[in-house]
Structures are given as C-alpha cells and as structure tokens.
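**Student:** Provided herewith is a single structure, encoded as structure tokens, for subsequent inquiry.
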Amino acid sequence: MDQVGPVRQAPTSPADAYPTNPYWSKSGAEVSPPLPNAKPQSAGHPPLFDPHLIGAISEAVHEAGQQHRDELSHLLADWLPQLPTKLTPAVEAHLDKIVPKVVKVEHPGRLLLLLVRWLTAGMVLSGLLVGGLLYGLLHLRQERDAFAPGYWQHRYATAKASVEGSPLLCRWLQGADTLYASPDFKQELTRLENIVEARHQQYLLKQRERALLKAVKQ
C-alpha cells in the first residue's frame, strides 16, 4: 500500500517530534537497547560466571569431600576396635571406686547375723528342694517308660481275650485287675517275672548245649 499510494514525505526533523529520545540520532545498526542493571565488560577479561569454571569448582569440592569422607571412615575403622580395650580398664576402675568387690563389716549387728544365717539356710534348703523335685521327675519318667509297654500289652490281651472268647484268659485278666489293687501285687509280679526270666535262661542254656554237642560230632 505504501508503494501504490502517494509518496509520503518524511518528517522534517525527528528531533522535533521526539526531542527526548536519544536513539533518533543513531542509525539502525548502532541501536542496541540498554540492559537493566548491566555493567560494562572490559575487553580481554572472561565472564565472572563461566559454566566451565563453575563445573570445575563443583568437581573439586566434591572430590575434596569424598577424600575427607574416606579418611574419616578409615580412622573410625581403625579406632573403633581399639575402643573396648581402652575403655575397659577405666570403667573397671570407676566401678571399683563406686561399688567395691568386698564389703567389710567391722561390727555386724544381731539382725545382720540372723539375716545372713537365714539366707544361707534358705539357699541350702532351696537347693535340696530343687534337687529332690528334679530327681522325682526323672524317676517318674523312668517308671512311666518302664510300665508303658506292660500297660499296652494288658490292654491288648484284654481286647484279644474278649474277641476270642477265651474264658481262662478272661479269668486271668480279671484276677490281675483284682490283684493290682492289693499290696501284694508288686511282689507277685516280681515272682512271676523271675520265673519267666529263669525259664528264658534255661532255654538259652539248652540251646548252647545243643550247639556244643553238634560241634563235637562234626
């Protein structure tokens, strides 16, 4: 539109239109807007905030911190194992001063002597009581293990006699139940077990005798 329309005449004097604007007197190549709070830089000097300089400083600080951290770790690793050996004598000496190992009573009173005697007697009696209880428990366990097979054998024999319908075996079992309530049960049981043991030994002797006779004939 500017080319088609009539040629416009430039203003006679820009300074008259904008007397306070300093850029009318400069050409377009020379115009550069001023930066706020900007300081002129001197030629030949690098900028104050160079990224490479900041990176180098950060890396140096990081390496120094890593080196100090490694040195501290080595010092702690060497010092901590030696800490108990160094502190134990001091702690023992301090405890010996505060709590002596031996308490010496120069003039014990009557109540203190009675207390010591009763404590000693109580400790002895409690030890004997605990020992007796332990012995009783072990004895009961041994008797239970010894009589458990006989109990199960008796139950099996009773069930077997009831199933088979054997009157003689049923009478023996009833007699055993009756005899168990009497004071002569243990004596009778011992007598019968001795008889069984004697017969078993006799059977073994006969087997031994037969083996010897066969060895002589061969």
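**Student:** Checking the condition open to solvent by 100 Å² or more (accessible area, probe 1.4 Å), under 30 Å from TYR180 (Cα atoms) and of a type in the set (Lys, Arg), which residue from ARG110, ARG144 passes?
**Tutor:** Just one listed residue meets the conditions, ARG144.
**Student:** Going by the conditions given, is GLY132 farther than 30 Å from TYR180 by Cβ and either open to solvent by less than 100 Å² (accessible area, probe 1.4 Å) or in contact (Cβ under 8 Å) with a residue 60 or more places away in the chain (or both)?
**Tutor:** Considered against the rule, which asks whether it is farther than 30 Å from TYR180 by Cβ and either open to solvent by less than 100 Å² (accessible area, probe 1.4 Å) or in contact (Cβ under 8 Å) with a residue 60 or more places away in the chain (or both), GLY132 comes out as no.
**Student:** Please enumerate the residues belonging to the range 47-59 that are modelled with pLDDT under 75 and either open to solvent by less than 100 Å² (accessible area, probe 1.4 Å) or hydroxyl-bearing (Ser, Thr, Tyr) (or both).
**Tutor:** Once the filter is applied, which keeps residues that are modelled with pLDDT under 75 and either open to solvent by less than 100 Å² (accessible area, probe 1.4 Å) or hydroxyl-bearing (Ser, Thr, Tyr) (or both), the range 47-59 yields PRO47, ASP50.
**Student:** Consider the range 174-218. How many of its residues are part of a loop (DSSP other than H, G, I, E, B) and open to solvent by less than 100 Å² (accessible area, probe 1.4 Å)?
**Tutor:** Looking only at that region, the number is 3.
The values are calculated or read from the model by the stated rules, or taken from the named source; none is laboratory data. Note that the coordinates shown come from a computational prediction; the quantities given were computed from them, not determined experimentally. Neighbour counts run over all protein chains shown; Cβ positions are idealised from the backbone, glycine included. Side chains included, ligands, DNA and RNA excluded: accessible areas come from the protein's heavy atoms. Shrake-Rupley method; radii C 1.70, N 1.55, O 1.52, S 1.80 Å.
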